[in-house]
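Asker: Starting off with a structure, shown below.
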Amino acid sequence: MKQLLMGTVALVALGVAPAAAQQPVKIGFISTFSGPTAVIGNDMRNSFEIALDHLGRKMAGKPVEVVYEDDQQKPEVGVQKSQKLIESDKVDFVVGFIWSNVLLASLKPIVDSQTFLISANAGPSQIAGEQCSPFFFSTSWQNDQTPQAMGEYMNQKGVKTAFLMGPNYAAGKDMLTGVRFTFKGQVVGEELTRWPDQLDFSTELSKVRAAKPDSVFVFYPGAAGVQFLTQYVQSGLKGQIPLYTAFTIDETTLPLQKDLALGVPGAQEWVNDLPNEANRKFVADYRAKHQKGPSFYGAQSYDAANLVNSAVVAVNGDLNKKDAVRDTMRKADYASVRGPYKYGNNHFPIQNFYLQDVVKDAGGNLALKTVTTIVKDSQDKFHDRCTMKW
Amino acid sequence: MLLFLEQCLNGLQFGLLLFLLAAGLTLVFGIMDLVNLAHGSLYMMGAYFAATFTAWTDSFVAGALLALLATLLLGMILEVVALRPLYGRDHLDHVLGTFGLILFFNELVRIVWGPAGLSLPLPTGLIYPVELLPGLFYPTYRIVIIVVALVVALFLYVLVMHTRLGMLIRAGASNREMTGALGININLLYTLVFGLGAALAGLAGLMQAPILTVQIGMGENILILAFVVIIIGGIGSIRGAFIAAVLVGLIDTVGRAFLPDLLRLVLSSRGASTVAPAMSSMMIYLLMAIVLVLRPEGLFPASGK
């Protein structure tokens, strides 16, 4: 009797086994969902969800499961959540990462576990160079590229002197280095402010006023961008000294910055009005669902979902074929909302950068608009330090 | 020269804001002998109330006044409900109890207002700078902060020195048992003092809100500085809190302004930017340590002997 029972159980278990082929594709998404920068994390999550909806929530016929984790903007929390995703949830892909310092802390655990890590935002120079990994891909940019583009634009405008400001962490330093690399004028001052808790820039703005530069370049993402712009206007500098930005004005900060941001240019690899079909559909569906436009953080997350999908489809759902997954991702063979791009040897995109400006549209609402292409097919300058070749 | 003046104004503004926070804290510590870690939470509640009421009434001033009233009431209710059991107990019990209040308020804010924080925009009239001296521009709103804080300081001075309530406060700070033995309604006095402290903290929070964000835990960092200020100034002494707060504000700001340039003479630019804020923070704590060693009761102690 007992043997009969055991036999039945074994048969049933065998029968259940083929159903395991419908094992879902598990994706871990790490971003910031609390505190003032939660608005960025929510934008990324909304965009990722829209991408999955567009894919019918299946990749190569397998259902997709996403686990969202909050890094609270802290590297130590990000590492804990990454380890939870790879060890406990056993995800196939880890996507996300707004902040460069959080990404740098989580890089080693994830790539050592041979899980693919796709950064939908942060692009520290270390990962583009010596720490490049076959398991890391970026759907955004390398931190220096965007300010380098802005430096080019400042040259085109004939700016002679500049004062640089940014927060004192990995990305802030990358940004200021990036501007210095291309800007041909003279840098008359540089200030790195304490991150993330220093939100009062009065001391530094007083120094800007005293240095009398032709222009000011800043990088202050998220809430800090709102505070900086408010204080820039309050100190009276806005009318006197032109401001050039990277990652300081976007769809998440514009509702709070409002008219203060009018006429302040920024450089970016994606603007909401880029004329390709994938982008039109993404922006329209996002607007319909959330009554506001997506930001570049969201666009990069949307692309990350599609990059993962292209790889899952190519291996027909068999994610153990990691080399095949990597080869497919290297082709960047999917409809990106920024238009077609290629990957460099370090798995960072080689792409165009555009000038975005803040204008009032026909309805009197503030909107970001593409003005011109600053640079085509820009590649980051750290790819030589990466030893990967393919 | 103008730069130095401007940085001094920045330091003064920061110091005066710190004074508002420290004044309440020193009163509560001095008169009620209560270590109130939840003071930073009242600062946060003031900012959240102001953001909410300003959004409702569409007026910054109305929103600010309502928020002050709300924080005053909140303080008084808090004192009656949560803090009365703590009187007369060990300071560590106070720390434990009020730390629990910090956690409580953080979660309450998360539940009521969500995790993302709010913003408090300035009325348009205050957005642009004013020219104080030829070539010296300063943001109008920060001038407003300085003026309001000075007015409040004057009001506190008049209250403490020239009214009966103030006399009771000074008596309580000097010698609590005696004041109680003389038949003064200590309970009512404590509730009023705590409410006053809460209102001051709320004022500091709501005035700072348009410059910084309104977010969960915003009071925690500045609370530490407020404790340093009352230790330097002398516990229970508002005059001490005023002088110490302005001192701390000036050291922090002028340090942040001129130290990096000084350090750049010997360090690299990046190194100087990292070391300078750390050093100016260190100087504040160094000052506190020196005061504790040389004059432990503070620079202007309340109980004159």
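The values are calculated or read from the model by the stated rules, or taken from the named source; none is laboratory data. What you see is a predicted model; the values in this text were computed from it and never measured. Cβ sites come from the backbone with ideal geometry, for glycine too, and all protein chains shown count toward neighbours. Surface areas here come from the heavy atoms of the whole protein model, side chains and all, with no ligands, DNA or RNA. Shrake-Rupley method; radii C 1.70, N 1.55, O 1.52, S 1.80 Å.
Here's the yes/no breakdown for (1) among the charged types (D, E, K, R); (2) assigned to a helix (DSSP H, G or I); (3) modelled with pLDDT of 90 or more:
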residue	(1), (2), (3)
B:G195	no, yes, yes
B:A201	no, yes, yes
B:A204	no, yes, yes
B:E220	yes, yes, no
B:L223	no, yes, yes
B:V228	no, yes, yes
B:G236	no, no, no
B:V248	no, yes, yes
B:T253	no, yes, no
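Asker: Which one is nearest to B:Y285 (Cα to Cα) among residues in segment B:210-221 that are touching a residue at least 24 places away in the same chain (Cβ under 8 Å) and crowded, with 22+ Cβ neighbours inside 10 Å?
Answerer: Looking at the filtered set, the residue picked out is B:G219.
Asker: OK, next. Among the residues of segment B:95-121, what is the count of those that are open to solvent by 70 Å² or more (accessible area, probe 1.4 Å) and more than 13 Å from B:A82 (Cα to Cα)?
Answerer: 6
Asker: Looking only at segment A:225-237, count every residue that is within 9 Å of another protein chain (Cβ to nearest Cβ) and either in contact (Cβ under 8 Å) with a residue 24 or more places away in the chain or buried (at least 22 other Cβ atoms within 10 Å of the Cβ) (or both) and tell me the total. It would help to see each step written out before you state the result.
Answerer: If we filter segment A:225-237 for residues that are within 9 Å of another protein chain (Cβ to nearest Cβ), which is where we start, we get A:226-227, A:230-231, A:233-237.
In the following step, the residues that additionally are either in contact (Cβ under 8 Å) with a residue 24 or more places away in the chain or buried (at least 22 other Cβ atoms within 10 Å of the Cβ) (or both) were identified as A:226-227, A:230-231, A:233-235, A:237.
Number satisfying all stated conditions: 8.
Asker: May I ask you to list the residues in segment B:1-34 that are at the interface with chain A (Cβ under 9 Å from one of its Cβ atoms) and modelled with pLDDT under 85?
Answerer: B:L2, B:L3
Asker: On to the next question. Quickly run through segment A:19-43 and pick out the residues that are among the aliphatic types (A, V, I, L, M) and within 14 Å of chain B (Cβ to nearest Cβ).
Answerer: The initial filter retains those residues of segment A:19-43 that are among the aliphatic types (A, V, I, L, M), namely A:19-21, A:25, A:27, A:30, A:38-40.
Answer for segment A:19-43, where residues must be among the aliphatic types (A, V, I, L, M) and within 14 Å of chain B (Cβ to nearest Cβ): A:A38, A:V39, A:I40.
Asker: A further question on this structure: Is it the case that A:A362 is open to solvent by less than 50 Å² (accessible area, probe 1.4 Å) and at pLDDT below 90? Walk me through it before giving the result.
Answerer: Numbers: open to solvent by less than 50 Å² (accessible area, probe 1.4 Å): no; at pLDDT below 90: yes.
No.
Asker: Could we say that A:N309 is surrounded by fewer than 23 Cβ atoms within 10 Å (Cβ to Cβ), in a helix (DSSP H, G or I) and polar (S, T, N, Q) here?
Answerer: yes
Asker: Just give me the residues in segment B:122-142 being assigned to a loop (DSSP other than H, G, I, E, B), closer than 21 Å to B:D58 by Cβ and either more than 8 Å from chain A (Cβ to nearest Cβ) or open to solvent by less than 40 Å² (accessible area, probe 1.4 Å) (or both), in sequence order.
Answerer: Taking segment B:122-142 first, the residues assigned to a loop (DSSP other than H, G, I, E, B) are B:122-123, B:127-128, B:134-135.
Next, from what is left, pick out any that are closer than 21 Å to B:D58 by Cβ: B:122-123, B:127-128.
Passing the criteria: B:L122, B:P123, B:I127.
Asker: Quickly run through segment A:34-83 and pick out the residues that are touching a Leu at 6+ places or on another chain (Cβ under 9 Å) and at positive phi.
Answerer: Within segment A:34-83, none qualify.
Asker: Next question, about the same structure. Given the options B:R295, B:R264, name the one that is charged (D, E, K, R) and farther than 26 Å from A:L205 by Cα. Steps first, answer last, please.
Answerer: Details: B:R264 fails: farther than 26 Å from A:L205 by Cα.
The match here is B:R295.
Asker: So, one more: Is at least one residue of segment A:301-323 modelled with pLDDT under 90 and of a type in the set (A, V, I, L, M, F, W, C)?
Answerer: Yes, there is a match, as at least one residue in segment A:301-323 is modelled with pLDDT under 90 and of a type in the set (A, V, I, L, M, F, W, C).
Asker: Based on what the data block shows, is A:K258 basic (K, R) and within 11 Å of chain B (Cβ to nearest Cβ)?
Answerer: Numbers: basic (K, R): yes; within 11 Å of chain B (Cβ to nearest Cβ): yes.
It is true that A:K258 is basic (K, R) and within 11 Å of chain B (Cβ to nearest Cβ).
Asker: Can you list residue pairs whose Cβ atoms sit under 7 Å apart, with the first residue in segment A:242-266 being in contact (Cβ under 8 Å) with a residue 12 or more places away in the chain and the second being among the aromatic types (F, W, Y) and assigned to a loop (DSSP other than H, G, I, E, B)? Count only pairs 6 or more apart in sequence or on different chains.
Answerer: As it stands, the answer is A:A246/A:F219; A:F247/A:F219; A:T248/A:F219; A:T248/A:Y220, since those pairs meet every condition given.
Asker: OK, next. With respect to A:D327, is the statement that it is surrounded by fewer than 17 Cβ atoms within 10 Å (Cβ to Cβ), closer than 26 Å to A:M59 by Cβ and either over 18 Å from the mean Cα position of the chain (by Cα) or modelled with pLDDT of 90 or more (or both) true?
Answerer: Details: surrounded by fewer than 17 Cβ atoms within 10 Å (Cβ to Cβ): yes; closer than 26 Å to A:M59 by Cβ: yes; either over 18 Å from the mean Cα position of the chain (by Cα) or modelled with pLDDT of 90 or more (or both): yes.
Taking the combined requirement at face value, the residue satisfies it.
Asker: Filter segment B:262-305 for residues that are within 14 Å of chain A (Cβ to nearest Cβ) and not in a helix (DSSP H, G or I); which is surrounded by the fewest Cβ atoms within 10 Å (Cβ to Cβ)?
Answerer: Taking the candidates together, the pick is B:S268.
Asker: Check off (1) open to solvent by 30 Å² or more (accessible area, probe 1.4 Å); (2) in contact with a Gly (Cβ under 6 Å, 6 or more places away or on another chain); (3) within 11 Å of chain B (Cβ to nearest Cβ) for A:E251 and give me the number that stays unchecked.
Answerer: (3)
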